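Asker: Questions regarding the structure given below will be posed in turn.
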């Protein structure tokens, strides 16, 4: 995967989180947890996951996509990030 910037076109005031923190920057070749929270009403016809701005597609893997019927708060995003990182920690 290449490094880059996440955008959320079509949302009124998106809050973009990378690894539990407000950010739009992706780092190449590492696992990252991305959340886009907004109160804009969207339907499935308008939703593209993994498509880049120039109509190409993400050169990486997307896993565990979730769509909520409300905008998540910063604390909820951080909790989800912490839960997700535990899954990737080696067990002893």
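The values are calculated or read from the model by the stated rules, or taken from the named source; none is laboratory data. Given the structure is predicted, the values throughout are model-derived calculations rather than measurements. Methodologically, a virtual Cβ is constructed for each residue, glycine included, from the backbone with ideal geometry; neighbour enumeration extends over all protein chains shown.
Asker: Among (1) part of a loop (DSSP other than H, G, I, E, B); (2) surrounded by 11 or more Cβ atoms within 10 Å (Cβ to Cβ), where does residue 29 come up short?
Answerer: The failed condition is (2).
Asker: Shifting gears a bit: Check segment 51-61 and report whether any residue there is surrounded by 10 or more Cβ atoms within 10 Å (Cβ to Cβ), farther than 16 Å from residue 7 by Cα and in contact with a strand residue (DSSP E or B) (Cβ under 6 Å, 6 or more places away or on another chain).
Answerer: Checked against the condition, which is being surrounded by 10 or more Cβ atoms within 10 Å (Cβ to Cβ), farther than 16 Å from residue 7 by Cα and in contact with a strand residue (DSSP E or B) (Cβ under 6 Å, 6 or more places away or on another chain), segment 51-61 yields no hits at all.
Asker: Which condition number does residue 4 fail, the rest of (1) out of contact with any strand residue (DSSP E or B) (no Cβ under 6 Å at 6 or more places or on another chain); (2) surrounded by 10 or more Cβ atoms within 10 Å (Cβ to Cβ); (3) modelled with pLDDT under 85 being met?
Answerer: Residue 4 satisfies every listed condition except (1).
Results for (1) within 18 Å of residue 67 (Cβ to Cβ); (2) in contact with a helix residue (DSSP H, G or I) (Cβ under 7 Å, 6 or more places away or on another chain), shown as yes or no for each residue.
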| position | (1), (2) |
| --- | --- |
| 11 | yes, no |
| 14 | yes, no |
| 20 | no, yes |
| 24 | no, no |
| 28 | no, no |
| 32 | no, no |
| 36 | yes, no |
| 51 | yes, no |
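Asker: Within segment 62-84, restricting attention to residues that are under 14 Å from residue 34 (Cβ atoms) and surrounded by 13 or more Cβ atoms within 10 Å (Cβ to Cβ), which residue is modelled with the lowest pLDDT?
Answerer: Top of the filtered list is 84.
Asker: Mind telling me which of the residues 41, 37 ends up being at pLDDT 75 or above and surrounded by 13 or more Cβ atoms within 10 Å (Cβ to Cβ)? Break it down stepwise before answering.
Answerer: Values: 41 fails: surrounded by 13 or more Cβ atoms within 10 Å (Cβ to Cβ).
From the options 41, 37, the qualifying one is 37.
Asker: Report, by residue number, each residue of segment 7-22 that is on the phi < 0 side of the Ramachandran plot and either modelled with pLDDT under 90 or assigned to a loop (DSSP other than H, G, I, E, B) (or both).
Answerer: Result: 7, 8, 9, 11, 12, 13, 14.
Asker: Another one. Any residue in segment 19-26 that is surrounded by 11 or more Cβ atoms within 10 Å (Cβ to Cβ), touching a residue at least 60 places away in the same chain (Cβ under 8 Å) and under 13 Å from the mean Cα position of the chain (by Cα)?
Answerer: Looking for residues that are surrounded by 11 or more Cβ atoms within 10 Å (Cβ to Cβ), touching a residue at least 60 places away in the same chain (Cβ under 8 Å) and under 13 Å from the mean Cα position of the chain (by Cα), one finds at least one in segment 19-26, hence yes.
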